[in-house]
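Take a look at the structure below.
The values are calculated or read from the model by the stated rules, or taken from the named source; none is laboratory data. The structure displayed is predicted, hence computed values, not measured ones. A quick note on method: Cβ atoms are made from the backbone with ideal geometry, for glycine too, and the neighbour counts reach across all protein chains shown.
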Ligand code: IPD
Ligand code: CA
């Protein structure tokens with residue numbers, strides 16, 4: 001298959017969009033019937049609901065039916081090797097805690113990724129080439145593919161024109177362990193006097209799509225898993241953002257994603273590096 005033919009990439013994005021919308025509509029209906037915590041993961045506050053598992057099962061079923069040779073990787077344990085070179089990276093519900101509390105910022109996030117020896121855009125060496133994020137509570141479908149721009153319900157997206165970090169609305173997120181959160185809170189403490197304001201909405205994929213739509217000026221978070229940002233970061237890039245890691249080794253082993261219009265993203269990264277450099281090592 002000619003992997004990077006725009007028509008193929010567009011059809012991968014269309015498939016991701018239709019699966020995300022179907023499954024998102026289903027989990028929205030499940031939410032209306034009530035939701036309970038089914039299990040916890042990395043900490044007591046890192047929860048999984050029956051809807052996360054059912055959504056992952058439904059996404060896998062739909063993708064397998066449409067493209068049986070593709071690999072699958074999902075947050076709730078989904079894993080299948082790829083025979084086609086493409087692996088779908090799935091967050092069945094990004095923003096599970098919002099889902100639990102019936103807050104609207106939760107989404108189904110589906111990315112087609114490749115590992116082709118070219119420089120990766122993801123921390124694990126993969127590159128996202130197409131995909132979709134569906135936010136069922138507000139019926140917003142974000143789609144994008146490499147070189148093809150990104151869209152919200154069919155309309156082209158563009159990042160904000162903000163250049164001045166002091167006037168930037170910056171979103172971020174926090175991990176689930178108290179050690180990680182303590183460190184992240186310290187970075188926010190140092191950053192907040194230097195920006196317009198900080199938002200913590202609770203779903204990385206939604207943050208990145210809102211960045212693409214110009215509803216936020218920049219975004220950063222440390223320690224994201226591939227399913228949290230695979231397609232959101234692509235959608236943001238296709239709307240004009242750059243997505244950066246930390247250039248040096250101040251945070252060994254833990255990916256950092258900084259995203260925004262180019263000048264702003266570089267300034268924000270410099271501030272984050274400065275703040276992390278003040279933290280105790282270990
Ligand atoms: C989480 C959300 C949150 C981010 C966390 C993620 P989940 O994903 O994206 O905004 O701050 O780092 O783990 O657990 O809701 O799929
Ligand atoms: Ca999730």
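Some notes on this structure:
- Per this entry, residue 138 is counted among residues that are more than 14 Å from the chain's Cα centre (by Cα), free of Cβ contacts under 8 Å to residues at least 60 places away in the same chain and either within 16 Å of ligand 2 (Cβ to nearest atom) or over 21 Å from residue 244 (Cα atoms) (or both).
- Among the residues making up the stretch 163-177, those that are closer than 18 Å to residue 222 by Cβ and either at pLDDT below 95 or in a loop (DSSP other than H, G, I, E, B) (or both) are 173, 174, 175, 176, 177.
- Residue that is surrounded by the most Cβ atoms within 10 Å (Cβ to Cβ), among those in the stretch 59-87 that are under 16 Å from residue 133 (Cβ atoms) and within 16 Å of ligand 1 (Cβ to nearest atom): 59
- Residue within the stretch 12-26 that is in the same structural domain as residue 137 (by TED's automatic domain parsing), part of a strand (DSSP E or B) and within 21 Å of the chain's Cα centre (by Cα) present: no
- Hits in the stretch 154-176 (condition: out of contact with any helix residue (DSSP H, G or I) (no Cβ under 7 Å at 6 or more places or on another chain) and within 16 Å of ligand 2 (Cβ to nearest atom)): 176
- Residue list for the stretch 39-49, filter: loosely packed, with under 14 Cβ neighbours inside 10 Å and either touching a strand residue (DSSP E or B) at 6+ places or on another chain (Cβ under 8 Å) or outside the structural domain of residue 107 (by TED's automatic domain parsing) (or both): 39, 40, 41
- One residue stands out in the stretch 178-208 among those that are more than 19 Å from the chain's Cα centre (by Cα) and part of a loop (DSSP other than H, G, I, E, B): the one that is nearest to residue 278 (Cα to Cα), namely 195.
Yes/no matrix, rows are residues, columns are (1) in contact with a helix residue (DSSP H, G or I) (Cβ under 7 Å, 6 or more places away or on another chain); (2) away from ligand 1 (no atom under 16 Å from the Cβ):
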| site | (1), (2) |
| --- | --- |
| 136 | yes, no |
| 139 | no, yes |
| 149 | yes, yes |
| 152 | no, yes |
| 180 | no, no |
| 198 | yes, no |
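- Residue satisfying condition, being at pLDDT below 95 and more than 30 Å from residue 35 (Cβ to Cβ), within set 189, 158, 127, 194: 127
- Qualifying positions in the stretch 27-49 - over 21 Å from the mean Cα position of the chain (by Cα) and in a helix (DSSP H, G or I): 29, 30, 31, 32
- Test: residue in the stretch 112-120 that is in contact with a strand residue (DSSP E or B) (Cβ under 7 Å, 6 or more places away or on another chain), within 16 Å of ligand 2 (Cβ to nearest atom), closer than 17 Å to residue 141 by Cβ and not assigned by TED's automatic domain parsing to the domain that holds residue 246: no
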